[in-house]
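Q: Below you will find the structure I want to go over with you.
FYI, it's all coordinate maths here, none of it is from the lab. Here the structure is a predicted model, which is why all the values come from computation and not from measurement. Because the Cβ atoms are built from the backbone with ideal geometry, glycine has one as well, and the counts that use them run over all protein chains shown.
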Amino acid sequence: MKHQKLSPGLLLAFEDYEREGQEALVPQIRMLSIVPPKNNLKPTRSIVFIYCDENADLSHLSQYGIEVNQNKGHVRTAFLPIHSLDALSDDPTIERIKPSRKLQLRMDVSKAAVHIPEFTRKNGGLTGKGVIIGIIDSGIDPKHPAFAGRILRIWDQTLSGPGVTEGKYGAELADSLLTVSQDTNGHGTHVAGIAAGVDATYCGVAPEAELIIVKSDLDEGHIADAVRYIFRVARELKRPVVVNMSLGGHFDPHDGSDSLSKIIDSETGPGRIVCCAAGNEGNDNIHAQAIVPAGKTHTMRFNVPLNQTSLACLNAWYSSAGQLEVSLRSPNGFVTPFQRVITDGNYIKEHTLQDARLQIATPGRDPGNGDYNVLIQIRGQGKKSYSAPVPGGIWQLRFKNTSSKNVRLDVWTPDGSVVFTGKSVADSVKIGSPGCASSAITVAAYTTREKYADIDSKTQEFGFPLNTVSDFSSEGPLRNDAKKPDVTAPGAMIVSALSSSANFDRSMLINSKFVALAGTSMAAPFVTGLVALLLQRNPKLDPAALKELLRKNSSIPGKPAGTFDNKWGYGLIDALNL
């Protein structure tokens with residue numbers, strides 16, 4: 001096996017599988033795209049990103065049971081038996097193999113706050129007509145009157161079926177078959193309603209735009225396929241299109257060099273736009289940051305809740321200015337030796353302590369950005385390490401700088417299994433993929449409503465300060481200091497379409513058709529709808545021109561025009577002069 005071709009998360013999963021079989025992967029299913037076999041005769045499979053030459057023919061990989069979803073492209077998605085990773089890494093046509101991760105899902109008052117009504121009137125009553133809005137989310141309620149007659153297609157990735165050109169899985173639905181797909185989560189219906197719903201009171205931003213919906217299983221690779229699918233269908237229909245992704249994660253390097261961000265950047269262009277949510281971790285201690293001085297050791301502390309998890313993960317990245325060695329100390333005082341960067345052979349080392357088992361991956365420079373990645377998995381100690389709880393309490397993560405230059409270090413807990421404490425906690429750099437894509441419009445949330453009357457006429461308040469950026473909105477910039485988020489839009493509390501198949505707390509319901517939710521998930525489709533209006537006016541707008549237009553018409557209250565802030569981006573959109 002060519003170990004260096006596999007990124008750390010994938011190699012860790014492969015080694016777990018080789019050592020302990022399918023059961024060892026159970027804790028990873030919540031964050032890694034692993035498909036357990038339905039019976040003992042079938043192999044455990046995984047979704048991955050394959051890096052290769054743009055025009056490489058990969059048809060020969062089918063002999064290993066590997067299904068590649070695209071015939072061309074530098075970054076492709078594939079579905080494969082985990083045991084075939086050995087053969088795949090040895091193939092000379094393959095440059096790099098990365099795992100697909102599980103991402104998480106992230107209007108009456110709101111439209112008035114940013115002058116949408118005035119903007120549409122000034123431009124002859126723009127409605128989004130002739131523009132396609134793509135929604136990659138939990139699906140849609142096709143029977144909701146807010147979308148009547150405007151859903152062109154649904155690709156339900158969770159159903160059994162022959163799939164589409166971009167992937168031979170799921171079912172593509174149209175016309176009378178649309179109702180086969182249901183949104184039991186409700187997130188996607190709410191998002192679609194903000195962007196394009198029709199209602200006398202709670203109308204979306206672009207009420208005449210047509211919709212292409214992808215009900216996603218939230219596998220990162222399948223989300224990439226969904227972007228390609230929506231753009232392909234729009235191209236065939238000769239329509240401009242804007243895609244909304246109110247989802248994200250923290251397994252990436254937070255600099256736009258991850259697989260999904262690369263695919264978004266390669267697929268966008270004139271009349272093909274992507275909008276993403278910034279994230280809702282503004283109040284969560286998921287990120288730690290430090291400058292490790294030359295020749296010195298720095299310690300970060302994190303807390304693992306007692307008896308809460310059988311697998312704790314840490315995702316660290318640092319600049320190529322120097323090299324760091326890493327060690328961990330458990331709450332009971334047991335310590336691993338320092339582990340250096342390993343550039344030959346297997347870069348994963350296993351450390352067995354008296355109370356835990358740790359796997360530390362310290363590969364050479366990442367081909368995508370030239371920086372160093374350290375990935376750490378912590379498991380409990382016992383005969384079945386995949387089910388034993390990780391020791392609870394305060395752990396210490398120690399980095400020793402063996403070089404002559406200071407090194408900036410960033411560490412994230414990608415799945416919320418741990419919480420950082422102490423001086424290393426950083427509120428910044430919490431925007432993960434796909435919001436890191438340079439071409440994407442990444443949106444922070446603004447509070448336009450502090451309370452509302454629910455279905456029982458009870459006043460509901462959530463404590464968000466009115467008329468300011470929402471506390472929960474994730475901060476930028478990116479790890480490479482690129483400026484994100486781009487802009488801020490209304491995201492709390494937003495009233496939009498309620499899926500009839502979803503279950504929400506009664507206090508969140510406005511009536512039988514509408515529900516109030518908060519999040520950057522709500523802010524992103526607001527901008528998506530606004531982009532649809534702009535594409536109606538100029539179908540050839542490209543991401544760069546569009547972002548510049550939005551920036552020029554956004555501002556932070558009390559700050560000079562053009563000011564950037566890690567929380568606000570370039571500020572709240574004002575559509576009046578767009």
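Q: Report the one residue of V274, I573, Q63 whose Cα lies farthest in the direction of the positive end of the charge dipole of the chain (charges on C-beta: Lys and Arg +1, Asp and Glu -1; origin at the Cα centre).
A: About the Cα centre, the residue reaching furthest to the positive side is I573.
Q: Tell me which of I264, F231, Y202 sits at the most positive position along the dipole axis of region 177-265, charges placed on C-beta atoms (Lys, Arg +1; Asp, Glu -1).
A: Value: F231.
Q: Something else about it: For region 482-541 and region 300-375, write down the distance between their C-alpha centroids in whole Å.
A: 38 Å
Q: Further question on the same structure: Which stretch or stretches of region 288-320 have amide N atoms under 14 Å from the point lying 7 Å from V26's Cα along the Cα→Cβ direction?
A: Hits in region 288-320 for V26 at 14 Å: 309-311.
Q: For the chain, take N as its residue count and report Rg(C-alpha) divided by 2.2 N^0.38 Å. Numbers along the way, then the final one.
A: Details: Rg = 23.5 Å, N = 578, 2.2 N^0.38 = 24.7 Å.
Here the answer is 0.95, to two decimals.
Q: Counting other beta carbons within 10 Å of each residue's own, what order do C276, C203, C313 fall into, fewest first?
A: Starting with the residue having the fewest Cβ neighbours, the order is C203, C313, C276.
Q: Sticking with this structure for a sec: Relative contact order for region 480-534: what is it in percent, counting Cα pairs under 8 Å that are at least 6 residues apart?
A: 41 percent
Q: Another question about this same structure. Roughly what would the spin-label model give for A200 and A174, points 7 Å off Cα along C-beta, in nm?
A: Here the answer is 3.4 nm between the modelled labels.
Q: What are the lysines whose alpha-carbon lies under 19 Å from the alpha-carbon of K42, with same-chain residues fewer than 8 places away excluded?
A: K168
Q: Sticking with this structure for a sec: What's the center-to-center distance, using Cα atoms, between region 411-472 and region 47-73 in Å?
A: 38 Å
Q: Can I ask one more? In region 431-485, what GluC sites (Glu not before Pro) fall in a loop by DSSP, with at most 16 other Cβ atoms inside 10 Å?
A: Details: sites: E450, E461, E475; in loops: E450, E475.
Passing sites in region 431-485 are E450.
Q: Here is the link list: K102/K262; K405/K567; K484/K552; K483/K547; K98/K423. Which ones come out longer than 21 Å on Cα distance?
A: Pairs exceeding the cut-off: K405/K567; K98/K423.
Q: Among 406-417, 188-199, how do they line up by average Cβ neighbours within 10 Å per residue, starting with the highest?
A: 188-199, 406-417
Q: In addition: When we measure straight from the Cα of K540, which lysines land under 18 angstrom away, once same-chain ones fewer than 8 places off are left out?
A: Qualifying lysines at Cα under 18 Å: K129, K238.
Q: Need the list of lysines near K458 for cross-linking: C-alpha distance under 16 angstrom, and skip anything on the same chain fewer than eight residues off.
A: Partners found: none.
Q: What full-extension length gain, to one decimal in nm, is calculated for T343 and E118 as 0.36 nm per residue of separation minus the Cα-Cα distance?
A: Values: separation 225, 0.36 × 225 = 81.00 nm, distance 5.92 nm.
Full extension of this stretch gives 75.1 nm more.
Q: Sticking with this structure for a sec: In whole percent, what relative contact order does region 3-99 give with Cα contacts below 8 Å and a gap of six or more residues?
A: 33 percent
Q: Go ahead and run the numbers for FRET between N283 and D90, Cβ-Cβ distance against an R0 of 45 Å, rounding to 0.05.
A: The formula returns an efficiency of 0.45 here.
Q: A further question follows. If we restrict to alpha carbons, what Rg and Dmax does region 287-424 come to, in Å?
A: Rg, Dmax (Cα atoms, Å): 14.4, 43.
Q: Moving on to the next point. Mind jotting down the distance between the C-alpha centroids of region 164-238 and region 274-296, whole Å?
A: The two parts, judged by their Cα centres, are 31 Å apart.
Q: Let me ask something else about it. Run the numbers on region 287-424 and let me know its relative contact order in percent, using alpha-carbon pairs under 8 Å that are six or more apart.
A: Relative contact order for region 287-424 comes out at 47 percent.
Q: Ok, one more. What value, in deg cm²/dmol to 500, does the helix sum -39500 (n - 2.57) over DSSP H runs of n ≥ 4 give at 222 nm once divided by the residues of the chain? Write out the running numbers ahead of the final one.
A: Values: 9 runs with 97 residues, N = 578.
Result for the chain: -5000 deg cm²/dmol, rounded to the nearest 500.
Q: Among 216-222, 54-60, what's the highest-first ranking by average C-beta atoms within 10 angstrom per residue? It would help to have the intermediate numbers written out before the result.
A: Working: 216-222: 25.0, 54-60: 12.6.
Descending mean neighbour count gives 216-222, 54-60.
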